[in-house]
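After the structure tokens below, expect a handful of questions from me.
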Amino acid sequence: MTNIIAIDGPAASGKGTLARRLAKALGYAYMDTGALYRAVGFEVLQAAGRDPENEADALAGCVALAAKLGGAIGTLALANPELRSEECGDAASKVAAIQSVRDALLDIQRDFAANPGEGYKGAVLDGRDVGTIVCPNAPLKLYITASLEIRAERRMKELQLKGKLVTKGAVLEDMRARDARDKARAAAPLRAAEDAIVIDTSELNADQVLETALEYAKKAFLLS
Ligand code: CDP
């Protein structure tokens, strides 16, 4: 079995930064599963008159994205900086609450975990349900969290660095609403897998989180 590290957690908890750095440090491939949901949300927002909470519209977004995936256009679609906007995050969490959308995106994630590509020794995936649904047998599962206040602060800085004019209050409210939706939904709600290691990053910087996770990875995969 491939060495798989599943990383889940709420918005702006630091899981994306950790997942990317962990993958690099270990020579594993990395998949940001949230980008798939954001890309579906983006396709829905692009199509005039469509609603991310409407199942038919959300599925049409999946079809539009599927047509791009698998080639260079797909790589560009998932790397589109517009996906990082709060508007896309909000649309992502709306389409992500629809079971048929989740079903449509499941195989892509599982295929990636099973076949991360030539030269990679394993795979790191981050999202909301990687440890619970996508890769329930992953040997290492991390649940990365932090206080709402700290997460809002981090997301505000991330958005400001990109030149977006946002207030902390507005970011905090958006995040609170999105977390509540992600946790309350019937389809793959956000929660830590029973065997996940919980890391609260409120008081840790990115290097400390990486060091902590690397220690767990060494134990899980018997790395030296
Ligand atoms: O970067 P951030 O943590 O704010 O969000 P993201 O990981 O890009 O995910 C955006 C949205 O996609 C989340 O709010 C979830 O609703 C949804 N998502 C999901 O349902 N399942 C995943 N595996 C990943 C993301």
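The values are calculated or read from the model by the stated rules, or taken from the named source; none is laboratory data. All values derive from a computational prediction rather than experimental measurement. With ideal geometry, Cβ positions are generated from the backbone for all residues, glycine too; neighbour counts draw on all protein chains shown. All accessible areas refer to the heavy atoms of the entire protein, side chains included, with ligands and DNA or RNA removed. Shrake-Rupley method; radii C 1.70, N 1.55, O 1.52, S 1.80 Å.
Which of the residues that make up segment 39-71 are outside any loop (DSSP other than H, G, I, E, B) and open to solvent by 80 Å² or more (accessible area, probe 1.4 Å)?
Going through segment 39-71, the residues outside any loop (DSSP other than H, G, I, E, B) turn out to be 39-46, 55-68.
Passing the criteria: Gln46, Glu55, Val63, Ala67.
Also: Would you confirm, using the coordinates I've provided, whether Ala146 is farther than 21 Å from Thr2 by Cα, modelled with pLDDT of 95 or more, under 16 Å from the mean Cα position of the chain (by Cα) and not basic (Lys, Arg)? Write out each step before concluding.
Working: farther than 21 Å from Thr2 by Cα: yes; modelled with pLDDT of 95 or more: yes; under 16 Å from the mean Cα position of the chain (by Cα): yes; not basic (Lys, Arg): yes.
Judged against the criteria, Ala146 is a match.
List the number of the failed condition for Ala25; all other conditions in (1) aliphatic (A, V, I, L, M); (2) at pLDDT 95 or above; (3) not in a helix (DSSP H, G or I) hold.
Answer for Ala25: the failing condition is (3).
Among the residues of segment 178-207, what is the count of those that are closer than 16 Å to Ile150 by Cα and more than 10 Å from the ligand (Cβ to nearest atom)? Write out each step before concluding.
Just the residues of segment 178-207 that are closer than 16 Å to Ile150 by Cα, to begin with: 178-179, 199-206.
Next cut, more than 10 Å from the ligand (Cβ to nearest atom) only: 199-206.
The total comes to 8.
Being farther than 19 Å from Arg185 by Cα and within 13 Å of the ligand (Cβ to nearest atom), is that true of even one residue in segment 19-29? Walk me through how you get there before you give the answer.
The first filter runs over segment 19-29 and keeps only residues farther than 19 Å from Arg185 by Cα, leaving 19-29.
So of that shortlist, the ones also within 13 Å of the ligand (Cβ to nearest atom) come out as 19-20.
Yes: one or more hits.
Right, something else. Quickly run through segment 168-224 and pick out the residues that are in a strand (DSSP E or B) and open to solvent by 30 Å² or more (accessible area, probe 1.4 Å).
Selection gives Ile197, Val198, Asp200.
A further question follows. When residues of segment 82-124 are filtered for being open to solvent by 10 Å² or more (accessible area, probe 1.4 Å) and not in a helix (DSSP H, G or I), how many remain?
So the count comes out to 10.
Restricting attention to segment 165-173, does a residue exist that is touching a strand residue (DSSP E or B) at 6+ places or on another chain (Cβ under 9 Å) and of a type in the set (S, T, N, Q)?
No, the conditions are met nowhere in segment 165-173.
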